[in-house]
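> Below are the C-alpha coordinates for one structure; questions will follow.
The values are calculated or read from the model by the stated rules, or taken from the named source; none is laboratory data. Fair warning: this is a prediction, and the values are worked out from it, not measured in the lab. Because the Cβ atoms are built from the backbone with ideal geometry, glycine has one as well, and the counts that use them run over all protein chains shown.
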Amino acid sequence: MSPDLITQLPRVDALFDYYAERFGKQQTPYRNHVYRLVNLVAAQRPLDEEEREALEIAAFFHDAGIWLAGTFDYLQPSARLAEHYLEEQQLDHHRAIVRAMILNHHKISRYHNDPANLAEVFRRADWMDVSLGLMRFGVPMARVRLIKRAFPNAGFHRLLLKLSGQQLLSQPWRPLPMLRR
(Lines give C-alpha, C1' and ligand atoms only; values in the text may rest on other atoms or scores of the structure.)
Protein backbone atom coordinates (compact mmCIF):
# COMPACT_ATOMS: atom_id res chain seq x y z
CA MET A 1 0.00 0.00 0.00
CA SER A 2 1.72 3.12 -1.23
CA PRO A 3 1.50 6.35 0.77
CA ASP A 4 1.13 8.18 -2.55
CA LEU A 5 -2.35 9.15 -3.59
CA ILE A 6 -3.69 8.21 -6.99
CA THR A 7 -4.21 11.63 -8.53
CA GLN A 8 -4.39 10.83 -12.23
CA LEU A 9 -6.86 8.48 -13.84
CA PRO A 10 -6.68 9.21 -17.58
CA ARG A 11 -9.50 6.80 -18.50
CA VAL A 12 -11.79 8.30 -15.85
CA ASP A 13 -10.91 11.85 -16.89
CA ALA A 14 -11.61 11.02 -20.55
CA LEU A 15 -15.02 9.67 -19.58
CA PHE A 16 -15.77 12.80 -17.57
CA ASP A 17 -14.72 14.92 -20.56
CA TYR A 18 -16.98 12.89 -22.85
CA TYR A 19 -20.01 13.24 -20.56
CA ALA A 20 -19.26 16.74 -19.22
CA GLU A 21 -22.51 18.21 -20.48
CA ARG A 22 -24.59 15.49 -18.84
CA PHE A 23 -22.95 15.99 -15.43
CA GLY A 24 -23.03 19.78 -15.62
CA LYS A 25 -22.29 21.50 -12.30
CA GLN A 26 -22.34 18.13 -10.54
CA GLN A 27 -19.26 16.86 -12.37
CA THR A 28 -16.71 18.02 -9.80
CA PRO A 29 -18.56 16.53 -6.81
CA TYR A 30 -18.99 13.19 -8.60
CA ARG A 31 -15.46 13.21 -10.04
CA ASN A 32 -14.00 13.76 -6.56
CA HIS A 33 -16.19 10.94 -5.21
CA VAL A 34 -14.81 8.61 -7.93
CA TYR A 35 -11.22 9.58 -7.08
CA ARG A 36 -11.90 9.10 -3.36
CA LEU A 37 -13.30 5.62 -4.08
CA VAL A 38 -10.29 4.53 -6.11
CA ASN A 39 -7.97 5.76 -3.36
CA LEU A 40 -10.05 4.13 -0.61
CA VAL A 41 -9.89 0.81 -2.46
CA ALA A 42 -6.10 1.19 -2.85
CA ALA A 43 -5.87 1.99 0.88
CA GLN A 44 -7.40 -1.41 1.65
CA ARG A 45 -5.31 -3.63 -0.60
CA PRO A 46 -2.77 -3.58 -3.43
CA LEU A 47 -4.12 -3.67 -6.98
CA ASP A 48 -2.59 -5.22 -10.05
CA GLU A 49 -2.93 -3.51 -13.44
CA GLU A 50 -5.98 -5.54 -14.51
CA GLU A 51 -7.80 -4.89 -11.23
CA ARG A 52 -7.03 -1.21 -11.38
CA GLU A 53 -8.40 -0.98 -14.93
CA ALA A 54 -11.65 -2.70 -13.87
CA LEU A 55 -11.82 -0.55 -10.72
CA GLU A 56 -11.51 2.71 -12.67
CA ILE A 57 -14.32 1.70 -15.02
CA ALA A 58 -16.60 0.55 -12.19
CA ALA A 59 -15.81 3.67 -10.16
CA PHE A 60 -16.76 5.99 -13.01
CA PHE A 61 -19.99 4.17 -13.86
CA HIS A 62 -21.14 3.05 -10.37
CA ASP A 63 -23.49 6.04 -9.80
CA ALA A 64 -23.42 7.45 -13.34
CA GLY A 65 -26.96 6.24 -14.07
CA ILE A 66 -28.20 9.16 -11.97
CA TRP A 67 -27.00 11.55 -14.69
CA LEU A 68 -26.66 9.39 -17.78
CA ALA A 69 -29.93 7.45 -17.39
CA GLY A 70 -31.79 10.10 -15.39
CA THR A 71 -32.85 7.86 -12.52
CA PHE A 72 -32.24 7.49 -8.79
CA ASP A 73 -32.85 3.74 -9.20
CA TYR A 74 -29.50 3.63 -10.94
CA LEU A 75 -27.75 0.32 -10.21
CA GLN A 76 -28.95 -1.61 -13.28
CA PRO A 77 -28.72 1.39 -15.64
CA SER A 78 -25.18 2.12 -14.39
CA ALA A 79 -24.18 -1.52 -14.91
CA ARG A 80 -25.62 -1.48 -18.45
CA LEU A 81 -23.72 1.72 -19.27
CA ALA A 82 -20.49 0.14 -18.01
CA GLU A 83 -21.12 -3.04 -19.99
CA HIS A 84 -21.71 -1.02 -23.16
CA TYR A 85 -18.44 0.85 -22.54
CA LEU A 86 -16.55 -2.40 -21.91
CA GLU A 87 -17.90 -3.83 -25.15
CA GLU A 88 -16.96 -0.68 -27.11
CA GLN A 89 -13.44 -0.71 -25.66
CA GLN A 90 -13.01 -4.48 -26.16
CA LEU A 91 -12.63 -4.97 -22.42
CA ASP A 92 -15.32 -7.64 -21.99
CA HIS A 93 -12.98 -9.68 -19.79
CA HIS A 94 -13.79 -7.18 -16.98
CA ARG A 95 -17.56 -7.56 -17.34
CA ALA A 96 -18.20 -9.86 -14.35
CA ILE A 97 -16.15 -7.94 -11.78
CA VAL A 98 -17.26 -4.48 -13.01
CA ARG A 99 -20.89 -5.61 -12.87
CA ALA A 100 -20.39 -7.09 -9.38
CA MET A 101 -18.79 -3.87 -8.12
CA ILE A 102 -21.57 -1.68 -9.48
CA LEU A 103 -24.54 -3.84 -8.49
CA ASN A 104 -23.25 -4.49 -4.95
CA HIS A 105 -21.69 -1.20 -3.92
CA HIS A 106 -24.74 -0.28 -1.80
CA LYS A 107 -25.09 -3.73 -0.30
CA ILE A 108 -25.54 -3.44 3.45
CA SER A 109 -24.01 -6.82 4.28
CA ARG A 110 -20.68 -8.21 3.13
CA TYR A 111 -20.36 -9.25 -0.52
CA HIS A 112 -19.45 -12.95 -0.37
CA ASN A 113 -17.08 -14.25 2.26
CA ASP A 114 -13.76 -13.16 0.77
CA PRO A 115 -12.83 -9.79 2.34
CA ALA A 116 -10.12 -9.28 -0.33
CA ASN A 117 -12.67 -9.66 -3.16
CA LEU A 118 -12.52 -6.50 -5.28
CA ALA A 119 -16.32 -6.06 -5.22
CA GLU A 120 -16.30 -6.26 -1.40
CA VAL A 121 -13.38 -3.82 -1.12
CA PHE A 122 -15.22 -1.44 -3.48
CA ARG A 123 -18.41 -1.78 -1.40
CA ARG A 124 -16.50 -0.86 1.75
CA ALA A 125 -14.83 2.09 0.01
CA ASP A 126 -18.22 3.50 -1.02
CA TRP A 127 -19.58 3.08 2.51
CA MET A 128 -16.47 4.82 3.87
CA ASP A 129 -17.03 7.76 1.57
CA VAL A 130 -20.80 8.01 2.01
CA SER A 131 -20.40 7.82 5.81
CA LEU A 132 -17.80 10.63 5.68
CA GLY A 133 -15.21 8.29 7.20
CA LEU A 134 -17.32 7.16 10.16
CA MET A 135 -17.08 3.64 8.75
CA ARG A 136 -13.43 2.89 7.96
CA PHE A 137 -13.06 -0.91 7.73
CA GLY A 138 -9.54 -0.74 9.14
CA VAL A 139 -8.30 2.19 7.01
CA PRO A 140 -6.56 4.68 9.32
CA MET A 141 -8.42 7.97 9.79
CA ALA A 142 -5.25 9.85 8.77
CA ARG A 143 -5.44 8.14 5.36
CA VAL A 144 -9.14 8.95 4.98
CA ARG A 145 -8.44 12.61 5.84
CA LEU A 146 -5.57 12.77 3.33
CA ILE A 147 -7.85 11.44 0.58
CA LYS A 148 -10.67 13.82 1.55
CA ARG A 149 -8.30 16.81 1.50
CA ALA A 150 -6.99 15.88 -1.94
CA PHE A 151 -10.51 15.33 -3.34
CA PRO A 152 -12.91 17.54 -1.40
CA ASN A 153 -16.58 16.73 -1.08
CA ALA A 154 -17.59 19.77 -3.19
CA GLY A 155 -21.24 19.26 -2.30
CA PHE A 156 -21.47 15.55 -3.12
CA HIS A 157 -23.19 14.55 0.13
CA ARG A 158 -25.56 17.52 -0.11
CA LEU A 159 -26.44 16.31 -3.61
CA LEU A 160 -27.15 12.80 -2.26
CA LEU A 161 -29.46 14.24 0.40
CA LYS A 162 -31.30 16.33 -2.20
CA LEU A 163 -31.74 13.33 -4.53
CA SER A 164 -32.88 11.15 -1.62
CA GLY A 165 -35.45 13.78 -0.64
CA GLN A 166 -36.76 14.00 -4.19
CA GLN A 167 -37.03 10.20 -4.34
CA LEU A 168 -38.87 10.11 -1.01
CA LEU A 169 -41.38 12.69 -2.23
CA SER A 170 -41.96 11.04 -5.61
CA GLN A 171 -41.97 7.39 -4.47
CA PRO A 172 -42.32 7.20 -0.67
CA TRP A 173 -42.74 3.41 -0.88
CA ARG A 174 -39.23 3.17 -2.45
CA PRO A 175 -37.18 5.82 -0.63
CA LEU A 176 -33.75 4.29 -1.37
CA PRO A 177 -34.19 1.94 -4.34
CA MET A 178 -30.45 1.42 -4.70
CA LEU A 179 -29.91 -0.20 -1.27
CA ARG A 180 -29.42 -3.97 -1.19
CA ARG A 181 -29.23 -6.48 1.63
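> Across the stretch 81-90, which residue is nearest to Y19 (Cα to Cα) among those that are of a type outside the set (D, E) and surrounded by fewer than 16 Cβ atoms within 10 Å (Cβ to Cβ)?
H84
> Could you please find all residues in the stretch 41-55 being within 14 Å of the chain's Cα centre (by Cα) and buried (at least 21 other Cβ atoms within 10 Å of the Cβ)?
Correct list: V41, A42, A54, L55.
> Hand me the list of helices (runs of 4 or more DSSP H) wholly inside the stretch 19-76 holding 3 or more residues that are aliphatic (A, V, I, L, M).
27-44, 49-61
> Return yes or no: is K162 without any contact (Cβ under 8 Å) to a residue 60 or more places away in the chain and either out of contact with any Gly (no Cβ under 6 Å at 6 or more places or on another chain) or more than 29 Å from A96 (Cα to Cα) (or both)?
Against the criterion (without any contact (Cβ under 8 Å) to a residue 60 or more places away in the chain and either out of contact with any Gly (no Cβ under 6 Å at 6 or more places or on another chain) or more than 29 Å from A96 (Cα to Cα) (or both)), K162 qualifies.
> Which pairs turn up if I take residues in the stretch 1-21 that are at pLDDT below 95 and look for partners that are assigned to a loop (DSSP other than H, G, I, E, B) and not basic (K, R) with beta carbon separation below 9 Å, at least 6 apart in sequence or on another chain?
M1/P46; S2/P46
> Can you confirm whether the stretch 40-48 contains a residue that is under 16 Å from L9 (Cα atoms) and either in contact with a Gly (Cβ under 7 Å, 6 or more places away or on another chain) or basic (K, R) (or both)?
no
> Please enumerate the residues belonging to the stretch 112-153 that are in contact with a His (Cβ under 9 Å, 6 or more places away or on another chain) and modelled with pLDDT under 90.
Answer for the stretch 112-153, where residues must be in contact with a His (Cβ under 9 Å, 6 or more places away or on another chain) and modelled with pLDDT under 90: just L132.
> Do we have any residue at all in the stretch 103-114 that's surrounded by 17 or more Cβ atoms within 10 Å (Cβ to Cβ), under 23 Å from A14 (Cβ atoms) and among the aliphatic types (A, V, I, L, M)?
Within the stretch 103-114, not a single residue is surrounded by 17 or more Cβ atoms within 10 Å (Cβ to Cβ), under 23 Å from A14 (Cβ atoms) and among the aliphatic types (A, V, I, L, M).
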